[in-house]
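Novice: One structure is given below, represented as structure tokens, and several questions about it will come after.
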Amino acid sequence: MITNENASERSWGAEILSNGRVQFSLWAPAAETVSLSILGQPELLPMKRASDGWYRVVTDRAAAGTLYWFVLPNGVCVPDPASRFQPEDVSGPSEVIDPRSYVWKQNDWRGRPWEEAVIYELHIGAFTAEGTFLAAIEKLPHLQKLGVTALEIMPVGDFPGTRNWGYDGVFWYAPESSYGRPEHFKALIDAAHGMGFAVLLDVIYNHFGPEGNYLPTYAPDFFTERHKTPWGAGLNYDGDGSAAVRAFAIENALYWLKEFRLDGLRLDAVHAIQDDSPKHLLDELAERVRASIPDRPIYLLLENEENEAATLERDGRGAPRHYTAQWNDDIHHVLHTAATAESSGYYADYLGDTEKLGRTLAEGFAFQGELMPFRGSERGQSSGHLPTTAFVSFIQNHDQIGNRALGDRLCQIASERALKAIAAVYLLAPQIPMLFMGEEWACPQPFPFFCDFHGKLAQAVREGRRAEFAKFPEFQDPQQRQKIPDPQSPSTFASAKLDWTLPERSPHRDWCSWYQGVLAARRSHIVPRLAAMRGNAGRFTVLGRSAVHVNWLLADGDELHLIANLSEEPLAVIDAVPDEADVLWREGGVIRPDEWPSWTVCWWLERTK
């Protein structure tokens, strides 16, 4: 029996209705007809077209576990772009999933306050030897002991092949099949909640990957040539037919947050989301999320190269109007250049600029409307009025490691003294810290770019990766370029997998203990003072090259102080630590009244009561 009743609120995909039937929906405005093919059944089910290009059918011939395709007029079978699962990869059939089949254990979980967040970014495929959702559960005790309170998982939307960073996904709703099934991802989230972790997911609303995306064949209006992105034509969020495209993105955000009970999302490269409509997609998405989930904290994070402080504004109560925080590349750049003295590319705009070091720590963004030479244009907006928790700080992440030619980590290019000094700065600063997996034990494994494309695309990616670095002095020799890992090789992916025997051995065990100590100090002394902090709290003084004194006014009137000498030269300090100061952490050499050794950091509280 077939009916065409529209009984689901969900626009896209396959939905099991309350009566047990399944509704299938596809927006295919360029297709004259669309049929539904259920594997194992010879008869195609015609789908009814609405005037707005939507095709729908409700049938009792499908159930949870059913594999299906949509069939276009030329007989080509395409998977569901809103598929909840692709068991046979991106070109295989889609599977009907019953989201109610997973029995949640942590039904009392209501999240945790944002100011408590210590984030740990991880890639499911490289986090463990098995590279699965279920294997990741086994490592949660390590993260709990470390002092982590939130997981940030790199994108899991299904991508071509079995290895990818995740930013080439073409199924926004379907967890990558090589990582496990949707219920396995829920089990990881459930287990994390049971141990007190919030869980965030990285999502991409600015492009689709280059292989396995069939939308252009039946919905070319999903894309537009009016907007360009680094990955090709932009998504059509503001032209004819954009209502269906906007629904695809916004429903996806709500899907992850509600159906998977995630605590937040990190939106990738939002500067590449171009939208000239009266209400930008980012604003509508945030408003819908906030209105739909009012009963628990939801973290909405941005990656935004433009450093637009307006997206992070707070209301009268200090709560985010739209977005909770932004990954702050500026804090990475000022600390990375201090520790490594690297000056290639955009690093040249930060190296040795102590004003930017102090400004980033005290106010958030280094560039607040000034010309950025690397870009050749102005960048950023004033950010000092925002609370410190509007910024996520880090010294490593997947981009900053993986976009290096060899994927080498900071511990391989900076001294231990320098690395501990900059880590002591970002881990105890009143911004929200984020570690990259393995950082806590000075992991020597690289995190190179890897993927699993096929045919001409695979060769183009391989050659493009090496050509990208040909302009760098160290890779102008063709023989040197051959050392750049082949992103298509399984060995490149294997080299990125964490070695979990290392944290049990020295010196890596000692690094773990050090990170535990710093994060324990943060938990005891910094976190309790963050909730009521407002904007305009930070001030800084330049003491010398790469040496600053930063202080933040806390809500109770006390002041948090940092003096950091992030250089190879000793510093004759004018601002000394008061005798009565409550010292929270010292890092580096012995501080004398007239001199601070190189790579020395001191945090203290100045109490007013």
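The values are calculated or read from the model by the stated rules, or taken from the named source; none is laboratory data. In this text the structure is predicted, and so the values were computed from the model without any measurement. Methodologically, a virtual Cβ is constructed for each residue, glycine included, from the backbone with ideal geometry; neighbour enumeration extends over all protein chains shown.
Novice: For residue 14, state whether it is in contact with an Asp or Glu (Cβ under 7 Å, 6 or more places away or on another chain) and modelled with pLDDT of 95 or more.
Specialist: Taking the combined requirement at face value, the residue satisfies it.
Novice: Would you mention how many residues in region 65-89 are in contact with an Asp or Glu (Cβ under 6 Å, 6 or more places away or on another chain) and within 29 Å of residue 452 (Cβ to Cβ)?
Specialist: The qualifying residues number 4.
Novice: Report whether or not residue 298 is buried (at least 22 other Cβ atoms within 10 Å of the Cβ) and over 24 Å from residue 113 (Cα atoms).
Specialist: When the stated conditions are applied, residue 298 does not pass them.
Novice: Identify all residues within region 315-368 that are within 18 Å of residue 538 (Cβ to Cβ) and free of Cβ contacts under 8 Å to residues at least 24 places away in the same chain; write none if there are none.
Specialist: 353
Novice: Still on this structure, I have one more. Is it true that residue 483 is more than 26 Å from residue 432 (Cβ to Cβ), in the same structural domain as residue 426 (by TED's automatic domain parsing) and not aliphatic (A, V, I, L, M)?
Specialist: For residue 483, the condition - more than 26 Å from residue 432 (Cβ to Cβ), in the same structural domain as residue 426 (by TED's automatic domain parsing) and not aliphatic (A, V, I, L, M) - is not met.
Novice: Sort through 371, 428 and tell me the only one that's within 23 Å of residue 303 (Cα to Cα), free of Cβ contacts under 8 Å to residues at least 24 places away in the same chain and touching a strand residue (DSSP E or B) at 6+ places or on another chain (Cβ under 6 Å).
Specialist: Testing whether each residue is within 23 Å of residue 303 (Cα to Cα), free of Cβ contacts under 8 Å to residues at least 24 places away in the same chain and touching a strand residue (DSSP E or B) at 6+ places or on another chain (Cβ under 6 Å) leaves just 371.
Novice: Cβ-Cβ distance below 8 Å, separation of 6 or more or different chains: which pairs start in region 19-38 with a residue that is among the small types (Gly, Ala, Ser) and end on one that is surrounded by fewer than 18 Cβ atoms within 10 Å (Cβ to Cβ) and outside any loop (DSSP other than H, G, I, E, B)?
Specialist: Listed pairs, sorted by first residue: 30/217; 30/220; 35/46; 37/77.
Novice: Could you tell me whether region 250-266 includes any residue that is in contact (Cβ under 8 Å) with a residue 24 or more places away in the chain, surrounded by fewer than 16 Cβ atoms within 10 Å (Cβ to Cβ) and in a loop (DSSP other than H, G, I, E, B)?
Specialist: Checking region 250-266: not a single residue is in contact (Cβ under 8 Å) with a residue 24 or more places away in the chain, surrounded by fewer than 16 Cβ atoms within 10 Å (Cβ to Cβ) and in a loop (DSSP other than H, G, I, E, B).
Novice: Just the residues that are within 25 Å of residue 179 (Cα to Cα), aliphatic (A, V, I, L, M) and over 23 Å from the mean Cα position of the chain (by Cα), please, taken from region 70-91.
Specialist: Scanning region 70-91 gives a single hit, 78.
Novice: Quick one: residue 601 ticks every box in (1) within 26 Å of residue 353 (Cβ to Cβ); (2) at pLDDT below 85; (3) of a type outside the set (Gly, Ala, Ser) except a single one, so which number is it?
Specialist: Evaluating residue 601 over (1) within 26 Å of residue 353 (Cβ to Cβ); (2) at pLDDT below 85; (3) of a type outside the set (Gly, Ala, Ser) leaves (2) as the failure.
Novice: Here is a follow-up. Given region 74-158, what helices (runs of 4 or more DSSP H) lie entirely inside it while holding 3 or more residues that are surrounded by fewer than 21 Cβ atoms within 10 Å (Cβ to Cβ)?
Specialist: It comes to 133-137, 140-146.
Novice: If residue 495 meets every condition in (1) modelled with pLDDT of 95 or more; (2) within 26 Å of residue 335 (Cα to Cα); (3) part of a helix (DSSP H, G or I) apart from one, which number is that one?
Specialist: (2)
Novice: Looking at (1) over 29 Å from residue 389 (Cβ atoms); (2) in a helix (DSSP H, G or I); (3) without any contact (Cβ under 8 Å) to a residue 40 or more places away in the chain, which one does residue 289 not meet, given that it meets all the others?
Specialist: Result: residue 289 fails condition (1) only.
Novice: Working carefully through the options 369, 384, find the one that is touching a helix residue (DSSP H, G or I) at 6+ places or on another chain (Cβ under 9 Å), within 28 Å of residue 115 (Cα to Cα) and small (Gly, Ala, Ser).
Specialist: Testing whether each residue is touching a helix residue (DSSP H, G or I) at 6+ places or on another chain (Cβ under 9 Å), within 28 Å of residue 115 (Cα to Cα) and small (Gly, Ala, Ser) leaves just 384.
Novice: Sticking with this one: For residue 462, work out the one condition from (1) assigned by TED's automatic domain parsing to the domain that holds residue 345; (2) in contact (Cβ under 8 Å) with a residue 24 or more places away in the chain it doesn't fulfil.
Specialist: All conditions are met except number (1).
Novice: Also, I was wondering about something else. Does residue 102 count as touching an Asp or Glu at 6+ places or on another chain (Cβ under 9 Å), aromatic (Phe, Trp, Tyr) and closer than 30 Å to residue 533 by Cβ?
Specialist: The answer is no for residue 102.
Novice: Provide a single number: the residues in region 465-492 that are part of a helix (DSSP H, G or I), buried (at least 17 other Cβ atoms within 10 Å of the Cβ) and touching a residue at least 40 places away in the same chain (Cβ under 8 Å).
Specialist: Here the count works out to 2.
Novice: Quick check on region 370-423: of everything there that is part of a loop (DSSP other than H, G, I, E, B), surrounded by fewer than 16 Cβ atoms within 10 Å (Cβ to Cβ) and small (Gly, Ala, Ser), which residue is nearest to the chain's Cα centre (by Cα)?
Specialist: 382
Novice: Also, quick follow-up: Quick check on my filter: what residues within region 516-562 are among the charged types (D, E, K, R), part of a loop (DSSP other than H, G, I, E, B) and surrounded by 14 or more Cβ atoms within 10 Å (Cβ to Cβ)?
Specialist: 545, 558, listed by residue number.
Novice: Let me ask something else about it. Checking residue 459 against (1) part of a helix (DSSP H, G or I); (2) within 23 Å of the chain's Cα centre (by Cα); (3) under 30 Å from residue 212 (Cβ atoms): exactly one of these is not met. Which one?
Specialist: If we test residue 459 against (1) part of a helix (DSSP H, G or I); (2) within 23 Å of the chain's Cα centre (by Cα); (3) under 30 Å from residue 212 (Cβ atoms), just (2) comes out false.
Novice: Please count how many residues of region 571-587 are under 37 Å from the mean Cα position of the chain (by Cα) and more than 19 Å from residue 334 (Cα to Cα).
Specialist: Adding up the residues that qualify gives 5.
Novice: If you don't mind, there's one more thing I want to ask. Kindly evaluate residue 82 against the criterion of being without any contact (Cβ under 8 Å) to a residue 60 or more places away in the chain and either farther than 23 Å from residue 519 by Cβ or of a type in the set (Lys, Arg) (or both).
Specialist: Taking the combined requirement at face value, the residue does not satisfy it.
Novice: Looking at region 155-175, which of the residues that are closer than 18 Å to residue 487 by Cα and hydrophobic (A, V, I, L, M, F, W, C) is nearest to the chain's Cα centre (by Cα)?
Specialist: Only one residue fits best here, namely 165.
Novice: Any chance region 176-184 includes a residue that's within 17 Å of the chain's Cα centre (by Cα), closer than 18 Å to residue 301 by Cα and not aliphatic (A, V, I, L, M)?
Specialist: No, region 176-184 has no match at all.
Novice: Restricting to region 166-190, give me the number of residues that are closer than 20 Å to residue 13 by Cα, part of a helix (DSSP H, G or I) and either touching a Gly at 6+ places or on another chain (Cβ under 7 Å) or hydrophobic (A, V, I, L, M, F, W, C) (or both).
Specialist: Residues that pass the stated criteria total 1.
Novice: Go through region 45-60 and count every residue that is over 36 Å from the mean Cα position of the chain (by Cα), crowded, with 17+ Cβ neighbours inside 10 Å and part of a loop (DSSP other than H, G, I, E, B).
Specialist: Selection size over region 45-60: 1.
Novice: Among the residues of region 198-225 satisfying the criterion of being free of Cβ contacts under 8 Å to residues at least 40 places away in the same chain and in a strand (DSSP E or B), which is surrounded by the fewest Cβ atoms within 10 Å (Cβ to Cβ)?
Specialist: 225
Novice: Considering only region 22-52, state which residues are of a type in the set (Asp, Glu) and under 20 Å from residue 248 (Cα atoms).
Specialist: 52 - this is the single residue of region 22-52 that is of a type in the set (Asp, Glu) and under 20 Å from residue 248 (Cα atoms).
Novice: Taking the condition assigned to a loop (DSSP other than H, G, I, E, B) and touching a Ser or Thr at 6+ places or on another chain (Cβ under 7 Å), does residue 11 pass?
Specialist: Spelling it out, residue 11 is indeed assigned to a loop (DSSP other than H, G, I, E, B) and touching a Ser or Thr at 6+ places or on another chain (Cβ under 7 Å).
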